[in-house]
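A short worksheet on the structure shown next.
The values are calculated or read from the model by the stated rules, or taken from the named source; none is laboratory data. Being a predicted model, the structure only gives us computed values, none of them experimental. Cβ: placed from backbone, ideal geometry, glycine included. Neighbour counts: every protein chain shown. We work out accessible area using only protein heavy atoms, side chains counted, and drop any ligands, DNA or RNA first. Shrake-Rupley method; radii C 1.70, N 1.55, O 1.52, S 1.80 Å.
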Amino acid sequence: MKKVQLSITTLLLASMVWVSCSKDDNEEKNDGETLTELPAAFADFDTDNTTIMIDGNDIVIETNGLPNHTSPYWSSTHPLYVAPTATTQEQMAPGNIDDFNGSFTLRVSGTPTKANSTSSTGLGPIGIAVSGSVIYNDEEGPGIPLDNAAGSLDYNGAHTGPQSYHYHLEPIAFSDDDDNLIGVIADGFLLYGRKCASTNAYPTDLDESGGHTSITKHNAESEYHYHIQNELYLNQYYILFPGDYQGTPNDIQ
């Protein structure tokens with residue numbers, strides 16, 4: 001009787017191990033499932049300037065680099081041209097928006113995760129905005145803060161050069177002290193305006209990159225995302241992304 005009892009116990013233990021291993025295998029397969037539809041936030045991207053596709057478990061964003069709103073950086077004959085207000089003709093950077101061939105492509109995971117360690121942003125594009133133009137960090141050159149170039153920025157906190165029209169500051173044409181989507185950062189996490197849909201107020205639990213985990217206006221389930229931090233820069237601006245990537249960044253080509 002004792003020998004039979006031990007045999008049954010052994011079988012039960014073996015069965016539990018098999019079930020446990022099978023469960024892990026299934027979880028790994030579920031983690032790698034192919035995306036069947038784009039996350040709702042990507043519907044906010046301008047369809048004239050961007051093309052967004054699913055490729056396996058990745059999301060590929062292609063853009064012509066052009067904004068869908070007015071700016072003094074358009075050629076004076078362009079229908080979206082407006083006279084400068086936040087800047088002056090003398091302070092503006094050289095080059096018009098329509099002089100640039102600013103096509104870019106970004107591939108990100110459809111289910112981005114935070115990396116084991118953060119990584120610093122570099123010069124050039126660090127994200128793609130819903131308007132079609134690209135997002136830059138808070139530097140004007142290697143180790144050179146934006147301060148001296150702030151006078152060249154239009155009312156959307158953007159200017160031209162060296163490759164395209166790009167945003168450094170809160171772009172009030174499509175996000176003005178609200179919870180609207182700004183775009184997607186190169187590590188795959190979304191960037192929203194200064195307010196959070198979870199409280200309809202400025203979030204108070206942001207990390208050093210301006211990120212936290214909560215619901216958004218596009219997702220009723222909590223997810224990690226970034227916000228423009230509600231901290232004044234030069235007493236009048238809000239920098240889009242002054243921190244480090246929390247995820248693993250991909251090149252914007």
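Tabulated results
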item: Segment 73-113: number of residues that are part of a helix (DSSP H, G or I) and under 19 Å from A149 (Cα atoms); result: 1
item: Test: I97 is farther than 23 Å from T213 by Cα and β-branched (V, I, T); result: yes
item: Segment 205-247: number of residues that are assigned to a strand (DSSP E or B) and without any contact (Cβ under 8 Å) to a residue 60 or more places away in the chain; result: 8
item: Which listed residue is in contact (Cβ under 8 Å) with a residue 40 or more places away in the chain, open to solvent by less than 40 Å² (accessible area, probe 1.4 Å) and on the phi > 0 side of the Ramachandran plot, from G151, G161; result: G161
item: Qualifying residue in segment 224-245 (condition: open to solvent by 20 Å² or more (accessible area, probe 1.4 Å), among the acidic types (D, E) and farther than 25 Å from H159 by Cβ); result: no
item: Count of segment 174-204 residues which are open to solvent by 10 Å² or more (accessible area, probe 1.4 Å), assigned to a strand (DSSP E or B) and in contact with a strand residue (DSSP E or B) (Cβ under 6 Å, 6 or more places away or on another chain); result: 1
item: Residues satisfying the stated conditions in segment 214-230, i.e. within 16 Å of K114 (Cα to Cα) and of a type in the set (G, A, S); result: S214, S222
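Residues checked against (1) under 17 Å from the mean Cα position of the chain (by Cα); (2) surrounded by 13 or more Cβ atoms within 10 Å (Cβ to Cβ):
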position	(1), (2)
A41	yes, yes
D44	yes, yes
M53	yes, no
L80	no, yes
